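What follows is calculated from the coordinates using simple rules that are stated; it is not laboratory data. Here the structure is a predicted model, which is why all the values come from computation and not from measurement. Virtual Cβ from ideal backbone geometry, glycine too; neighbours counted across all protein chains shown.
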Amino acid sequence: MIGTKKMKLTNLLFMLLIVLGGCNKDNEPQPTTDDAMYFPSNTDATWETKSVADMGWNVSAVQALKDFLVQKHSKSFMILVNGRIVMEEYFNEHTQSATWPWNSAGKTLVSATTGIAQHEGLININNKVSQYLGTGWTSEPIEKENLITPRHLLTMTSGISDESNLVIKSNLTYLADAGTRWSYSNVFQILMDVVAEASNQDFETYFNAKLKNKIGMDGFWNKGLIFTIYHSSTRSMARYGLLALNKGKWKNEQIINENYFTESTQTSQNINPSYGYLWWLNGKTSYMIPGGQTVYQGALVPNAPTDMYAAMGAEDQRIYVVPSKNMVVIRMGDASDPANPNFAVSGFDNDLWEKINAVIK
């Protein structure tokens with residue numbers, strides 16, 4: 001009897017050790033289920049995958065999607081679900097390691113970095129910009145300049161003239177009071193100066209330390225005459241999309257304050273409901289597009305899920321984030337329509353989502 005009790009106790013202790021041995025440890029990779037969120041390693045090329053067939057998607061529609069992407073001058077395309085790669089395609093001699101410009105999709109990187117700086121107490125997006133850059137950073141009357149906050153720059157409502165995309169003081173002239181007019185322009189780049197001044201270092205150094213390196217991105221900022229553009233590999237764009245899907249959290253670290261990120265992907269002003277903090281928003285009642293003041297009725301991308309938010313850049317650089325499907329979609333390449341190299345939104349988005357829907361439904 002005593003021997004039986006000892007055996008039972010030994011077996012119980014053995015089972016307990018097995019359970020404890022399976023507990024999560026920071027330095028040991030743990031097996032994950034397909035519906036659990038997955039994050040790739042920051043230090044190597046390992047990235048879990050699932051096939052289209054594994055997802056139960058329509059395998060027969062994949063070729064039509066690929067053909068469309070080739071026809072529309074794409075360089076790369078990815079779909080992630082729960083962080084795992086379901087599709088990863090490269091076209092026209094582009095490769096996994098090749099870099100490509102994000103164009104205005106990189107605005108969302110500036111939005112994220114601004115939010116990080118605010119969370120660290122370096123800035124407040126509701127303070128006037130001149131608090132960080134000093135007065136006279138525009139050519140506006142001082143009383144008008146002092147109306148402009150970082151939040152106005154994040155929401156494209158600074159009221160600064162948009163006649164020129166070259167962001168130099170002489171071009172930063174008064175058009176409307178801050179907060180009264182939505183107009184898409186490059187003046188958002190002033191946020192990079194605000195973060196640099198507040199952090200006492202150049203923007204790229206701060207960005208690298210606070211965001212890029214934390215999620216294992218490659219890439220660099222290329223400062224041109226008109227626009228400072230981020231370049232990276234497709235997988236690095238996908239890493240940022242995965243961070244966005246998780247509301248600024250990477251593995252166990254909240255890199256972007258969650259409240260700030262949530263604000264970023266909600267309507268930020270009452271002029272263009274389809275715009276957040278440099279993010280485009282689907283499923284709203286109306287939208288405006290770069291280059292005009294026309295208000296269009298309906299959703300930004302009717303064929304896309306209504307909860308989608310997107311980073312959109314010229315020549316159809318795209319990060320689509322769809323929380324309801326735990327999905328991130330990436331497209332890089334040349335302009336889908338070379339005769340119309342749009343600044344952001346284009347008919348390409350709706351056509352692409354028609355092809356994607358045929359696969360995922």
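Overview of results
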read-out: Principal-axis tilt of helix 190-199 within the chain, Cα atoms, nearest 10 degrees; value: 60 degrees
read-out: Top of Trp182, Trp280, Trp57 by mean-square fluctuation, Gaussian network on the chain, Cα under 10 Å; value: Trp57
read-out: Nitroxide proxy distance, nm - points 7 Å out along Cα→Cβ at Tyr296 and Thr135; value: 4.2 nm
read-out: Orientation-averaged projected area, Cα convex hull of the chain (nm²); value: 22.3 nm²
read-out: Taking the chain and dividing mean pair separation by its residue count, relative contact order in percent (alpha carbons under 8 Å, at least six apart); value: 20 percent
read-out: Rounded tilt (10° steps) of 2-21 against the dominant C-alpha axis of the chain; value: 20 degrees
read-out: Sparse-neighbour loop sites [GluC sites (Glu not before Pro); region 79-140; at most 12 other C-beta within 10 Å; DSSP]; value: Glu93
read-out: Most mobile of Val59, Val167, Val129 in a GNM of the chain (Cα contacts under 10 Å); value: Val59
read-out: Region 187-261: relative contact order as a whole-number percent, Cα under 8 Å and 6+ apart; value: 20 percent
read-out: Backbone N under 15 Å from the Ser60 label point (7 Å along Cα→Cβ), restricted to region 324-361; value: 358-361
read-out: In degrees, nearest ten, helix 234-245 long axis to first principal axis of the chain (Cα); value: 90 degrees
read-out: Gain in span if fully extended, Ala45 to Asp307, counting 0.36 nm per residue against the direct Cα distance; value: 91.3 nm
read-out: Net length gained if the chain between Asn222 and Asp193 were fully extended (0.36 nm per residue, minus Cα distance); value: 8.9 nm
read-out: Asn340/Val70 FRET efficiency (R0 22 Å; Cβ-Cβ; nearest 0.05); value: 0.75
read-out: Segment Ser286-Ser164, length gained on full extension (0.36 nm per residue, minus Cα span); value: 41.3 nm
